[in-house]
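Here it is, the structure, as structure tokens.
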Amino acid sequence: MRLRWATLARATVVALLAVTTIATALVGSGPARGASLLPWLVALAGLGITLLVYLVLRTALRRERSALNSVRKNVAERDRAEERFRDAFETSPIGMAMMDLHGGFVKVNRAFPRSPAISPRHSSRRAC
């Protein structure tokens, strides 16, 4: 199961806020004269850490969403480019062929066998 950044951020913030709340409750109504400021500093530090962790996780979530949107956009652009190439290849009045590294035909369009420079031997090896 994949844990999402948003879930992780919320859980972290809730946990840190709980720690901060407990520390604040332990402090009580405020420092008495001559009492230590340490509990207040701990509560303030907990609140600061909570805010910092939240901001870091929120930034990470935004970057992840941006990266996913970029990937989706690139995939859509690639799909459109492939469709344009396929349409141009298949509907071209000029004979075209895709060949592998060994000289074999991978794919030919409809006009390829009618090309004047193509021998019968080549057109029989096609692999539409």
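For Ala111, what residues show an amide H to amide H distance below 5 Å, using hydrogens built from the backbone and excluding near sequence neighbours?
Under 5 Å from the amide H of Ala111: Met96.
With θ set to phi - 60° and the Karplus curve 6.51 cos²θ - 1.76 cosθ + 1.60, what are the ³J(HN,Hα) couplings of the stretch 50-61 in order, to the nearest whole Hz, using x for Gly and Pro?
Here the 3J(HN,Hα) series is 4, 5, 4, 5, 4, 5, 5, 5, 5, 5, 4, 5 Hz.
Just so you know, all these numbers are worked out from the coordinates, no wet-lab data involved. Predicted, not measured: the structure shown is a model, and the values here were computed from it.
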